[in-house]
Amino acid sequence: MEYAKCLARLQRLCSRAEYCSADIYRKALKDLEGDAGDASRVVASLKEDRYVDDARFAAAFAREKASLQGWGPVKIRFQLRGKGISEADIALPWPKWSRKKPPANWKNCSLPRRAPWRATPKLS
């Protein structure tokens, strides 16, 4: 694929969802058949046009994982480091919501009367 087509495809992709620069670099490298120079140019162009922003990605990733999947700060930081996000960008997305509180009705949850692993009594 040529540079212009790759850039247009990745612009469409980035306008629909947040991606980190490492993910976009991998996609560009695959589209450009291993041309690292052009892949770097694509990533630089997307960063310049603000299609890709690692700080914005880190904030969206942390918010999504904390609220939807219940991940804690340690796991989120570990995953962001694995994606190649810098420590400065990882430090940004930790507002008040990062400390999850239990639901208001957590004491009212009904617990089973019998442990689920115990066999039910046999009826004769």
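Is at least one residue of segment 67-82 in contact with a Lys or Arg (Cβ under 6 Å, 6 or more places away or on another chain), in a helix (DSSP H, G or I) and not charged (D, E, K, R)?
Pass one, segment 67-82, residues in contact with a Lys or Arg (Cβ under 6 Å, 6 or more places away or on another chain): 71, 76.
Next, from what is left, pick out any that are in a helix (DSSP H, G or I): 76.
Remaining after also requiring not charged (D, E, K, R): 76.
Yes; the residues of segment 67-82 include at least one that is in contact with a Lys or Arg (Cβ under 6 Å, 6 or more places away or on another chain), in a helix (DSSP H, G or I) and not charged (D, E, K, R).
Quick one: M1 ticks every box in (1) among the aliphatic types (A, V, I, L, M); (2) in contact with a helix residue (DSSP H, G or I) (Cβ under 6 Å, 6 or more places away or on another chain); (3) part of a helix (DSSP H, G or I) except a single one, so which number is it?
In the conditions (1) among the aliphatic types (A, V, I, L, M); (2) in contact with a helix residue (DSSP H, G or I) (Cβ under 6 Å, 6 or more places away or on another chain); (3) part of a helix (DSSP H, G or I), M1 misses (3) alone.
Test A36 against the stated conditions and say whether it is in the same structural domain as C6 (by TED's automatic domain parsing) and at pLDDT 85 or above. Break it down into steps so the answer makes sense when it comes.
Working: in the same structural domain as C6 (by TED's automatic domain parsing): yes; at pLDDT 85 or above: yes.
So A36 passes the test.
Being out of contact with any Phe, Trp or Tyr (no Cβ under 9 Å at 6 or more places or on another chain) and acidic (D, E): is that true of D23 here?
no
Test each condition in (1) more than 10 Å from the chain's Cα centre (by Cα); (2) surrounded by 12 or more Cβ atoms within 10 Å (Cβ to Cβ); (3) closer than 27 Å to C6 by Cα for S67 and report the one that comes out false.
So S67 meets the others, but not (3).
Being in a helix (DSSP H, G or I) and closer than 18 Å to D38 by Cα is the filter here, so list the residues in segment 15-24 that pass it.
Let us first name the residues in segment 15-24 that are in a helix (DSSP H, G or I), namely 15-16, 21-24.
Listed by number, the residues that qualify are S21, A22, D23, I24.
Select from segment 26-56 the residues that are under 22 Å from the mean Cα position of the chain (by Cα), outside any helix (DSSP H, G or I) and loosely packed, with under 14 Cβ neighbours inside 10 Å and list them in ascending order.
Selection gives D49, R50.
The values are calculated or read from the model by the stated rules, or taken from the named source; none is laboratory data. All values reported here derive from a predicted model rather than from experimental measurement. Virtual Cβ from ideal backbone geometry, glycine too; neighbours counted across all protein chains shown.
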